[in-house]
Amino acid sequence: MPIIVNLDVMMAKRKMSLNELSEKVDLTLANLSILKTGKAKAIRFSTLEAICKALDCQPGDLLEFGED
């Protein structure tokens with residue numbers, strides 16, 4: 001997949017667990033895990049916004065384009 005999700009990197013930088021992020025953004029652990037592992041096919045802007053607020057980051061910190 002050419003879009004790389006760096007959620008785990010940002011969580012590590014902010015020293016935040018998946019459980020803590022799940023509570024802050026009101027998403028299930030399963031959905032966050034799918035996003036974190038790069039298996040998600042899409043993400044809503046509202047979800048991206050909530051994650052960025054919780055991690056105090058920009059969308060570009062979480063997503064990057066990589067060549068196949």
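Things to note:
- Taken over the range 35-66, the criterion of being without any contact (Cβ under 8 Å) to a residue 40 or more places away in the chain and of a type in the set (Phe, Trp, Tyr) is satisfied by Phe45 alone.
- Among residues of the range 1-10 being part of a helix (DSSP H, G or I) and not β-branched (Val, Ile, Thr), the one that is nearest to the chain's Cα centre (by Cα) is Leu7.
- Per the listing Asp56, Asp61, the residue uniquely modelled with pLDDT of 95 or more, under 10 Å from the mean Cα position of the chain (by Cα) and open to solvent by 40 Å² or more (accessible area, probe 1.4 Å) is Asp61.
- Scanning the range 17-33 for residues that are out of contact with any Ser or Thr (no Cβ under 9 Å at 6 or more places or on another chain) and surrounded by 16 or more Cβ atoms within 10 Å (Cβ to Cβ) turns up just one, Leu21.
- Single residue of the range 35-46 satisfying the filter (hydrophobic (A, V, I, L, M, F, W, C) and assigned to a helix (DSSP H, G or I)) that is surrounded by the fewest Cβ atoms within 10 Å (Cβ to Cβ): Phe45
- Where a residue in the range 11-34 is assigned to a loop (DSSP other than H, G, I, E, B) and its partner, wherever it lies, is surrounded by fewer than 13 Cβ atoms within 10 Å (Cβ to Cβ) and of a type outside the set (Val, Ile, Thr), with Cβ under 8 Å and at least six apart: Arg14/Asp56
The values are calculated or read from the model by the stated rules, or taken from the named source; none is laboratory data. No experiment lies behind these values; they were computed from the predicted model shown. Here Cβ is always computed from backbone atoms with ideal geometry, including for glycine, and neighbour counts include all displayed protein chains. Side chains are part of the model used for accessible areas, which takes the heavy atoms of the whole protein and leaves out ligands, DNA and RNA. Shrake-Rupley method; radii C 1.70, N 1.55, O 1.52, S 1.80 Å.
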